[in-house]
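The structure appears right after this line, and notes come after that.
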Amino acid sequence: MGKLKAAVIGVGSMGRNHARIYAELDSTDLVAVSDAAFNSAKDVAESLRCNPYKDYKEMLDKEDIDLLSIAVPTKYHREVALECTRRGIPSLVEKPIADSEDNARAIIDSAEKNKVKVTVGHIERFNPAVIELKRRLDRDELGRIFEIKAIRVGPFPSRIRDVGVVIDLAVHDIDIMRYLTNSDVKRLYAETERKIHTKYEDLLSGLLKFQNDTIGVLSVNWLTPEKIREISIIGEKGMFVVKYLTQELYFYENVEAINGKYSYSDILMGVAEGNIMQIRIQKKEPLKAELESWVDAVGNGKEPLVSGEDGLKALVLAQKLIESTEKKQVISL
C-alpha cells in the first residue's frame, strides 16, 4: 500500500489533531484542510505544509483525496458527509455520527449506495487498555459478565457545546458497553439534571439492560471538580477496571471460601478480597491508533472497526436516555 492522500474538514480542537496525525503517519500525506474560519485552516496548513481552504467543496474539487476526517460541528455532519460519500471519498465522521437518527441513517445509506467506507470516531475503542480488556474478555477470562459501569465526569469544559452530556460524553461509554458485551440494549432508564451550566443536561445517571442480561450503569457529568474516566466490569471470576486517562488496566480476582467454612473475621469483614493485578499496557495515543486503523481499512480493503451502524446505535441509545428522563419512564427497545 502506497501513501494515501488525506484531508480534514473542520480544524477546531479535534480536527487539528486529526491533521497533525495524518501529517505524521508514514502511510499518509496530508494534502489539505478546510474550515469555515479560514484563519484556522491557514494556521494549520502553514504548520503542517498543506493547502488551506475556506470552502470544503472547493477543496474536494481541486484536491486528489483518498480519505478524510470530518470534524465539523455535529449539526453539519449530514451535509458534509453526504457530499463526501457522493464523491466516493472514504470518510471518518467524528462522534456522534449525526444530530438525529434520520441524518445518521442518511449518511449510512449514502455510503452503501456509493460503495464507500464510512467510520465514526468512537476513539475509546482504540485506547490500548480497552483493546487489551476486549482481548481478555473474548478469551472468557471473566466468565459471565454481570455488570459494566462507566464513570465519565469532570469540570465544565471551556469549549462551546451545542448538546448536553448524554450526546457529548455518554455516547463514548454506550458504544464501549455494546462493544465489550457483544450485546444490544433491551431497555433503559435515566435521570438527568439540567440548566446548571447550559440549557441541556449537565448530569446523567443511567441504567441499561442488555439482551444478554448484563446491567450497564452510566455516571456522566461535567460538574465534578476532578476529571475521571473509568470503566469497570464485574463477572464470575472477578473484576476488570480500565482507567482511560492513564491507559491502565487492573484485574481484581474473586476468592471463594474453602470448603464453605467461614471464620468469625470473615463474617465480620465479608468475603475476602483476592489478588489485584495490574496488567502491562503498551501506551499509545488513541487518536493515532484510530487513524492508523482507518488508513489500514481504506488502504487494504478491510472493514473499519467502528461501522456507521455502530455510530447510529450509540446515538439512538443516547437519545432514548434523554427520552426516558423527559417521560420519566423506562424505555423498551
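What follows is calculated from the coordinates using simple rules that are stated; it is not laboratory data. The structure displayed is predicted, hence computed values, not measured ones. Positions of Cβ are backbone-derived with ideal geometry, glycine not excepted, and every protein chain shown enters the neighbour counts.
How far is it, in nm, from the label point at N39 to the one at R194 when both lie 7 Å from their Cα along the line to the Cβ?
Modelled inter-label distance: 3.6 nm.
With an 8 Å Cα cut-off and a minimum separation of 6 or more residues, compute the relative contact order for the stretch 1-84 in percent.
35 percent
Could you give me the ³J(HN,Hα) list for the stretch 69-83, computed from phi with Karplus coefficients 6.51, -1.76, 1.60 and θ = phi - 60°, whole Hz, x at Gly and Pro?
10, 10, 10, 7, x, 3, 5, 9, 4, 4, 4, 6, 5, 5, 5
Excluding residues fewer than 8 places away in the same chain, name every one of the lysines whose C-alpha is closer than 28 Å to that of K327.
K75, K95, K149, K186, K195, K199, K209, K313
Hey, got a sec? Which trypsin sites (Lys or Arg not before Pro) in the stretch 18-119 land in a DSSP loop and have at most 15 other Cβ atoms within 10 Å?
R49, K54, R87, K115
Work out the FRET efficiency for E63 and N254 from their Cβ-Cβ distance, taking R0 = 56 Å, and round it to the nearest 0.05.
My answer for the efficiency is 0.50.
I want the antiparallel fraction of DSSP beta bridges within the chain, as a percent rounded to 5.
Beta bridges within the chain, antiparallel portion: roughly 60 percent.
Give me, ordered by chain and number, the residues 5 or more places off E147 or on other chains with an amide H under 5 Å from its own placed amide H.
For E147, the qualifying residues are I215, I234.
Over the chain, what is the relative contact order in percent, taking alpha-carbon pairs closer than 8 angstrom and at least six residues apart?
Relative contact order of the chain: 18 percent.
How many nm is it between the label spots at R135 and K327, if each spot is 7 Å from the Cα in line with the beta carbon?
The modelled label-to-label distance comes out at 4.2 nm.
So if each residue of separation counts as 0.36 nm, and I subtract the Cα-Cα distance between K302 and S47, what length gain in nm does that give?
88.6 nm
Starting at the first residue of the stretch 228-244, write each ³J(HN,Hα) from the Karplus equation 6.51 cos²θ - 1.76 cosθ + 1.60 with θ = phi - 60°, in whole Hz, x for Gly and Pro.
10, 9, 9, 9, 10, 10, 9, x, 4, 9, x, 8, 9, 10, 10, 9, 4
Scan around V120 for amide H atoms under 5 Å from its own, H built in the peptide plane at 1.01 Å from N, and keep only partners 5 or more places away or cross-chain.
V93, V306
Taking H placed 1.01 Å from N in the peptide plane, check which residues at least 5 places from L333 or on another chain put their amide H under 5 Å from its amide H.
Placed amide hydrogens put R187 under 5 Å from L333.
Summing -39500 (n - 2.57) over the DSSP H runs of n ≥ 4 in the chain and dividing by its residue number, what mean residue ellipticity at 222 nm do you reach, to the nearest 500 deg cm²/dmol?
-10500 deg cm²/dmol
What is the Cα radius of gyration of the chain over 2.2 N^0.38 Å, N being its residue count?
1.08
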